[in-house]
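Following: one structure in structure tokens, then a few remarks.
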Amino acid sequence: MVAYNFKVQFADDVESGKKRQTIRLQRRARPGDRLQLYTGMRTKKCRKLRDAVCTSVQEITIKDRGYYTLAVRLNGELLPTKLARELAVADGFNDLVDFADFFAEQYGLPFQGWLTTWRAPA
């Protein structure tokens, strides 16, 4: 079983099932793995949001291309802007600007990591 901790800003969307993916620096899960999703891990406010099953893990790269443009690649394939925007919204952001700002602030750009998706357990 793999446990993931989510920032408070994402907790409600994870709990409701609206957010069914996460982007992390390291690959921790593989398709078929059971996931436990939390917020506030290692604190008194720890709360389990839900159980899930990993459906896919893809390499993701986020790169600032300048002039307010962003290059998002999944498994090396450049996403068209529309699909990059959909990915950002699915990940809990309002738009690509919020998405880019978050990753630039948290990790710096370019960012290379793993996009993990899940579904509810059967």
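None of the figures in this text is laboratory data; all of them are computed from the coordinates on show. This one's a predicted model, so the numbers in the text were calculated from it and none came from an experiment. Reconstructed Cβ throughout: ideal geometry from the backbone, glycine too, with neighbour counts over all protein chains shown.
Would you calculate the convex hull of the Cα atoms in the chain and tell me its volume per residue in Å³?
On the way: hull volume 12.9 nm³, N = 122.
Looking at the chain, the number lands at 106 Å³ per residue.
How much net charge surrounds residue 13 when only the other residues with a Cβ under 12 Å from the Cβ of residue 13 are counted, with Lys and Arg +1 and Asp and Glu -1? Don't skip to the end; give the middle numbers.
Working: positive: 7, 18, 19, 20, 50; negative: 12, 15, 91.
Every neighbour counted, the sum reads +2.
Among the DSSP beta bridges whose two residues both lie in the chain, what percent are antiparallel, rounded to the nearest 5? Working shown, then result.
Values: 27 of 32 bridges.
For the chain, the DSSP antiparallel bridge percentage is about 85.
What does the charge count near residue 114 come to, summing +1 for each Lys or Arg and -1 for each Asp or Glu among other residues with Cβ under 12 Å from its Cβ? Walk me through the intermediate numbers first.
Working: positive: 24, 27, 28, 30; negative: 59.
Spelling it out: positives minus negatives among the neighbours equals +3.
So which lysines can residue 44 reach, going by Cα to Cα under 19 Å and dropping same-chain residues fewer than 8 places off?
Reachable lysines: 7.
May I ask you to compute the full-extension gain from residue 43 to residue 101, defined as 0.36 nm times their residue separation minus their alpha-carbon distance, rounded to one decimal in nm?
Working: separation 58, 0.36 × 58 = 20.88 nm, distance 2.68 nm.
Extra length available between residue 43 and residue 101 comes to 18.2 nm.
Using the alpha carbons of the range 76-122, what is the convex hull volume per residue in cubic angstrom, as a whole number?
Details: hull volume 5.2 nm³, N = 47.
In the range 76-122, the Cα convex hull volume per residue is 111 Å³.
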